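The values are calculated or read from the model by the stated rules, or taken from the named source; none is laboratory data. From a predicted model like this one, the values you see are computed outputs, not experimental measurements. Note that each Cβ is placed from the backbone with ideal geometry, even for glycine, and that neighbours are counted across all protein chains shown.
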């Protein structure tokens with residue numbers, strides 16, 4: 001896999017070339033950020049599976065249970081935070097696209113066909129943003145922030161229960 005970021009970036013820019021964003025710094029940065037989050041999530045999930053297999057077939061005991069609990073906590077925390085970031089992305093991306101189409105429609109050198117195409121695309125993005133992106137983003141953010149608070153509360157309760165006591 002040596003040298004894999006270059007083909008990934010090349011494929012990303014090829015895909016971005018056919019979107020309204022084009023190949024500019026901001027879309028490429030957000031695209032690479034999204035790819036990094038996806039691959040990091042996959043790596044953590046794979047790591048979790050390897051530790052779980054080791055626990056099933058390897059040494060059993062108190063330390064292995066602590067490792068499994070710690071890893072479950074980290075995986076769940078990573079997934080919840082990733083979904084919150086995706087929710088904010090779903091709020092941000094349609095607004096960027098709508099602003100871009102409005103900017104394109106403000107240009108005076110458009111042909112009639114280009115104007116109709118941009119107006120149709122702008123209308124579609126506004127409708128889809130209001131009916132799909134915003135409700136989905138709000139749902140993702142609210143649910144995952146609630147889960148994040150529950151995880152933090154459970155972790156706080158576990159820490160207070162495990163505090164060492166003075167037995168002397």
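Worth pointing out:
- Qualifying residue in segment 42-58 (condition: modelled with pLDDT under 70, loosely packed, with under 11 Cβ neighbours inside 10 Å and outside any helix (DSSP H, G or I)): yes
- Restricting 112, 83 to residues that are modelled with pLDDT of 75 or more and within 19 Å of the chain's Cα centre (by Cα) narrows the list to 83.
- Matching residues in segment 98-115 - criterion: being in contact (Cβ under 8 Å) with a residue 60 or more places away in the chain and surrounded by fewer than 12 Cβ atoms within 10 Å (Cβ to Cβ): none
- Within segment 120-152, restricting attention to residues that are more than 19 Å from residue 82 (Cα to Cα) and surrounded by 13 or more Cβ atoms within 10 Å (Cβ to Cβ), the residue that is nearest to the chain's Cα centre (by Cα) is 129.
- With respect to being loosely packed, with under 12 Cβ neighbours inside 10 Å and modelled with pLDDT of 75 or more, residue 24 fits the description.
- In segment 121-150, the residues that are at positive phi and part of a helix (DSSP H, G or I) never reach a residue that is modelled with pLDDT under 90 and surrounded by 12 or more Cβ atoms within 10 Å (Cβ to Cβ) with C-beta atoms less than 6 angstrom apart, at least six apart or across chains.
- Residue 76 meets the conditions (1) farther than 30 Å from residue 145 by Cα; (2) modelled with pLDDT of 75 or more; (3) part of a helix (DSSP H, G or I) in every case but one. The failed one is (1).
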